[in-house]
Structure formats: C-alpha cells, structure tokens
1. Consider R153 carefully, then state whether it is under 30 Å from I20 (Cα atoms) and at pLDDT below 95.
2. On the given criteria, is R146 near the ligand (Cβ under 10 Å from one of its atoms) and crowded, with 20+ Cβ neighbours inside 10 Å?
3. Do we have T308 as surrounded by fewer than 19 Cβ atoms within 10 Å (Cβ to Cβ), of a type in the set (V, I, T) and more than 16 Å from the ligand (Cβ to nearest atom) here?
4. Do you know which residues across the range 29-56 are part of a helix (DSSP H, G or I), within 23 Å of P145 (Cβ to Cβ) and touching a Lys or Arg at 6+ places or on another chain (Cβ under 8 Å)?
5. Looking only at strands (runs of 3 or more DSSP E) that lie completely in the range 343-441, which have at least 3 residues being buried (at least 20 other Cβ atoms within 10 Å of the Cβ)?
6. Can you confirm whether N175 is outside any helix (DSSP H, G or I), polar (S, T, N, Q) and either surrounded by 20 or more Cβ atoms within 10 Å (Cβ to Cβ) or within 10 Å of the ligand (Cβ to nearest atom) (or both)?
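The values are calculated or read from the model by the stated rules, or taken from the named source; none is laboratory data. Predicted model only: the values in this text are computed from it and were never measured. Here the Cβ positions follow ideal geometry from the backbone for every residue, glycine too, while neighbour counts run over all protein chains shown. Accessible surface is based on the protein model in full, side chains and every heavy atom, while ligands, DNA and RNA are left aside. Shrake-Rupley method; radii C 1.70, N 1.55, O 1.52, S 1.80 Å.
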Amino acid sequence: MRRTRLFLPTLKETPAEAQIVSHRLMLRAGMVRQSAAGIYTWLPMGLRVLHKIAQIVREEQDRAGAQEVLMPTIQSAELWRGSGRYEDYGKEMLRITDRHDRELLYGPTAEEVITDIVANEVTSYRDLPKNLYNIQWKFRDEVRPRFGVMRGREFLMKDNYSFDLDKNGAVHSYNKMFLAYLRTYARMGLKAVPMAADTGPIGGDLSHEFIVLAETGESAVFCDQALLDMDAPGDDLDYDSDLQPQVDKWTAHYAATDEMHDADACDVADDQLITARGIEVGHIFYFGTKYSEPLGAAVQGPDGQKITLEMGSYGIGVSRLVGAIIEASHDDNGIIWPESVAPWTVGLINLKVGDADCDATCERIYADLGAAGVEVLYDDRDERAGGKFADMDLVGIPWQLTVGPRGLKDGKVEVKHRADGEKSELAIDALGDWIDARAKS
Ligand code: 5CA
C-alpha cells in the first residue's frame, strides 16, 4: 500500500476525550473514529488489525473442532421470551419495533438463536457433539461506554456454543475452549490468565474469564505469579485426548477477579501474589441445560429416550483485543504491533521523493516485498523526514526500511526494529535474503 493513496488520518495532537493510552493511540494512528457514543467506524488500518485478530481466533477455533456460522445481528424477541431472558436483560438490550409492530432486538449475545437452530436441526445423538461459532457485531447499551473500543456499545465478539449429550462431554468441550483460548492469546503476543469468574446474566456454575494484566484494566484481580510464567499449549496439543490434566495445571494456581476473590481461600505466599488490574478479553461458561431445556434442544438417544443437550458458551472480545494489545505493547512514540497482528510487516520510507535513485530503489524494494508476499506500507509522500519517522513509529509497523541518498551512495539502506528501536545498515545486495526472512516470519 502506498501512503499517498492510503486513507490514514494520523493526528499529531493527543485527543482530549481519550483517557487511556490505547484509545489515544487508536485515534492518533487513524484506526477508528467515534460515530456515536460507544460506536465506531473502523478505518483501513484499524480494520486490517481487526481482521488479523479475527483470523487468529478463527484458526484456533477451527483447530479445536468448532465450525463457523454467521448469525444475524437482529434477533426476534419471541426467542428470548422462550428462554425467559427478554425481560431479565433490562436496559442493556437495544429493543426495536419493526413496521408490523413486531418486537426485535440487536443481539447482545446469541445463546437463543443458536439453541433454536440446533433444536430444529439436530435430532439424533449421532449428530453430536457440535460446537458452532461466529464472529459478529453485538450491541449492549452499556451505562458507561468508555475507553474507546474497550467498552463499546457496538463491539465485535467471537461467540460459540457447544452441544453435548452429557456433562462429561460438555466439560471436555469446555476444556477444549479453555486451552484454545490460551493458544489464541499467545499467538497475539498476549499473556491472558484464566481466572475463576462470576457467570452474570449468562448463568451456569463453571466459568473462567481470561484476563490480560494492565494498569488501565477495569477489573481488580488477584493471581499467583506462577500463572504468568506458564506457556500456552504448543502445536502438539491433541484435542481428542483427555484434556483435564492440562486444564488442571492452570486451575491449580489461585486466580480470581475481585467479585470472586476470597482472601481466606487464597493460599499464595505474599511475595508470589500479584494484585493488579486486568482487561477481560474472553469469558467461557458451562451452564448445562439452562437454554436447551426451555428452547427444546433435545435428541433421541440410542434407546429412543429423550436427551436434553448440555451446553456451554464461549466469548472473545475481538474488537476489545485491539485495545488490549496496544495497552500491552506501546511506548512513548506509539504502538508496537506484534508481527502476528500488525497491519503491515514492513514500513518503507523514502527519504527523498523526487530523487531518481531513491525513487527507483524504493519502487524495486516495494515490488520485491509484494512479490514475496510481505505486507508493506510505502511512505512515498513528499514530506520532511522527521514527520515520516514519527508517523511510522506511531502506527507501529514491526520493521522500518529507510532509503536515503546518503546510504544509497554506499549501497546501503537502514533497518529499524520497532520493538527494541535497534537500527542497522543493510547492503542493497543483502536485501533479497532480508525480504525472504520477513516472508517466513
Ligand atoms: N454469551 C457469552 C459467551 S459467548 C458472553 O456474552 N460472554 S461475555 O458477556 O463475557 O462477553 C464475551 C466477551 O466480549 C468479554 O469477555 C469481552 O471481552 C467482550 N465484551 C463484552 N462486553 C463488551 C463491550 N461492551 N465492549 C467490548 N467488548 C466487550
């Protein structure tokens, strides 16, 4: 992408309305603009990051055996009356009436929609288990939308729903998601700690929140340092094996949000206990037959008997993750994207637009990167070098390649690694190998 063509409205000034660093940087880096309270338009760079995060979520869901569907944003009130949640949800639910005076709502979650599908379509025990997910916009009329995309009213969520024949099966499905979540966050460069959680309006008796520690987090949390030193399951994770021992390794250590914290039950030594704030980037629930019973999701078992399905639901805050990653990875100059979610891998800076040598070299590098499948933002604007460097740091692209007349005379370009600020000179002859290395990473 050429900077002269890209719609990337960066700001030099810090917007007054933004209270936390991720919100400030998302506005300054031209990723989003607020359209109404808690409702945002995603601009090209923001959308690229959102898509990358969604894609990692998708890959890890698929790998764990979940299947993608797409449910509507607008749901029927009738379905929610069936589960008894229509009145309970209160003012947080955005209620709509259509031209025939039928009551609709903008979905805050989708237990009812998916349970209804399964109730109608799945009739035999042979069709189970099933785990269905979607990545779809949700709406919750939050009392206090704030911190940009962290607590929006409209936000992108991955939500999935597992259906099993019995509790053992449902707990296995829960454990799959527990481990898949650890892998998902790790791939985004985040350490998310699973913590015993309250189930709120979703309900159920087994639940974990996944929390990224950050000063600006909305929840106070308590956890054993040991959890921060543990690694997510690797590529050899076999989802068909008994997962309980792996999950137990995590849940054996104390970790709780403030609603669930019990100082008497906390067995962690003082110097091992982390007391911090955190951002909830995911939440998983096992709730048995809470929805399947009233909505009639049941199948015929092998002996012809009726089996009401055991369910769980699992959420990831996809749009919130954009903010959470920035909270975890930035410096005074701007965002530092982990490569896996970066909008582009390489930022190419032409220091002297109009200089035949600089232009030709940049065009060649730009073409070579493109041919190798490396995503590149080429700053081809005729502007001061200082402004270009500042902008490149602000938008946080992992690798910066700078081409200027002085370096070119010696046959060299400059490479800067955004994460540690380290700069080095690279001979033009060695660029091919450098590009290959970026293509592989
Ligand atoms: N039905 C269940 C699981 S699918 C559910 O709705 N869970 S939830 O309420 O915990 O939401 C799932 C995730 O969505 C949360 O962990 C959080 O990361 C994200 N989320 C919730 N509310 C908001 C909001 N107002 N803005 C941004 N993200 C949010």
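1. On the way: under 30 Å from I20 (Cα atoms): yes; at pLDDT below 95: no.
Answer is no for this residue.
2. Numbers: near the ligand (Cβ under 10 Å from one of its atoms): yes; crowded, with 20+ Cβ neighbours inside 10 Å: no.
So R146 fails the test.
3. Working: surrounded by fewer than 19 Cβ atoms within 10 Å (Cβ to Cβ): yes; of a type in the set (V, I, T): yes; more than 16 Å from the ligand (Cβ to nearest atom): yes.
Yes; evaluated as a whole, the condition is true for this residue.
4. Hit for the range 29-56 is A54, nothing else.
5. Values: elements: 346-350, 376-379, 399-403, 412-417, 423-427.
Those strands (runs of 3 or more DSSP E) span 346-350, 376-379, 399-403.
6. On the way: outside any helix (DSSP H, G or I): no; polar (S, T, N, Q): yes; either surrounded by 20 or more Cβ atoms within 10 Å (Cβ to Cβ) or within 10 Å of the ligand (Cβ to nearest atom) (or both): yes.
Considered against the rule, which asks whether it is outside any helix (DSSP H, G or I), polar (S, T, N, Q) and either surrounded by 20 or more Cβ atoms within 10 Å (Cβ to Cβ) or within 10 Å of the ligand (Cβ to nearest atom) (or both), N175 comes out as no.
Here's the yes/no breakdown for (1) assigned by TED's automatic domain parsing to the domain that holds V49; (2) among the polar types (S, T, N, Q); (3) touching a Lys or Arg at 6+ places or on another chain (Cβ under 7 Å):
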site: T361; (1), (2), (3): no, yes, no
site: I365; (1), (2), (3): no, no, no
site: Y378; (1), (2), (3): no, no, yes
site: A390; (1), (2), (3): no, no, no
site: V395; (1), (2), (3): no, no, no
site: K409; (1), (2), (3): no, no, no
site: K412; (1), (2), (3): no, no, no
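Let's see how each residue does on (1) among the charged types (D, E, K, R); (2) in contact with a Cys (Cβ under 9 Å, 6 or more places away or on another chain); (3) within 17 Å of F285 (Cβ to Cβ):
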| position | (1), (2), (3) |
| --- | --- |
| E68 | yes, no, no |
| G82 | no, no, no |
| E111 | yes, no, yes |
| I117 | no, no, no |
| R153 | yes, no, no |
